[in-house]
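Below is one structure, written out as structure tokens; the observations come after it.
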Amino acid sequence: MDEGRLIPVQVEGIKGERFVVAEDLDHLARAERELHDGSPPGDADPGAAFLAPLDPLCWDRDLLRRLFGFDYIWEVYVPQPKRRWGYYVLPILFGDRLVGRIEPRLDRRAKTLRVVGLWWEPGFDPLADPAFAAGFAAAIVAHRDFGGLARVAFPRTVALRPFVTLVRGILGR
């Protein structure tokens, strides 16, 4: 802070200071403008990403809860009978919202990314915005490719069938 490389900022509704890297102040100003004029973040369609449990955004569980209404715990160290979601569940970010959770497994022997579980946050409909399915498919491809895998296997639950069918169509299967 003394060198001007970190800038303290206040977040509406959150007590205490947060800090922004000085080079990112333009991004913060743009985000504030977008919030007030209703334009999409970065003037682009929202994308989707799976957040790693050790991503800095996920470190502060209380902040996630207060900013996004999203309660997250990395359950890898929680005994199996006490897990709410699963062993390695990742938050799903869509644009500026946390909309669900995914439990991906890298099956290297079968060269397959297995989606063991997929859950949506209350009030989120994955079929309501066509940009979500496309963004989700891109995130699946990125995760599959990161693992050096060739295929993706989705859960066969009835509730997920319409969404999975749409994503498979986008993936070209």
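Each value in this text was obtained by applying a stated rule to the coordinates, not by laboratory testing. On a predicted model such as this, the values are computed, not experimentally measured, just so you know. All Cβ positions, even for glycine, are placed from backbone atoms using ideal geometry, and neighbour counts span all protein chains on display.
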Original post:
Could you give P(r) for the range 103-173, binned at 5 Å from zero, as whole percent values over all Cα-Cα pairs?
Top reply: 3, 16, 27, 27, 17, 7, 2, 0
Original post:
Given the range 1-99 reduced to its alpha-carbon atoms as identical point scatterers, what log10 I(q)/I(0) does the Debye formula return at q = 0.15 Å⁻¹?
Top reply: -0.78
Subject >> Backbone N within the range 74-98 under 20 Å of label point (7 Å from R109 Cα along the Cβ vector) >> reply: 87-88
Subject >> I14-A142 FRET efficiency (beta carbon distance; Förster radius 35 Å; 0.05 resolution) >> reply: 0.70
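Past the 11 angstrom mark, what percentage of all C-alpha to C-alpha distances in the range 1-44 do you count? If you can, show how the numbers build up before the last one.
On the way: 655 of 946 pairs.
Counting every Cα pair in the range 1-44, those more than 11 Å apart make up 69 percent.
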Subject >> Dipole moment magnitude, nearest 20 debye, the range 1-44 about Cα centre, only Lys, Arg, Asp, Glu C-beta charged >> reply: 160
Original post:
Based on the Cβ-Cβ distance from R66 to I170, what FRET efficiency comes out when R0 is 35 Å, to the nearest 0.05?
Top reply: 0.55
Subject >> Principal semi-axes in Å for the range 45-171 [√(5λ), Cα gyration tensor, largest first] >> reply: 22, 19, 14
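Set the Förster distance to 41 Å, then compute FRET efficiency between R156 and R5 from the Cβ-Cβ distance, nearest 0.05.
Calculated value: 0.20.
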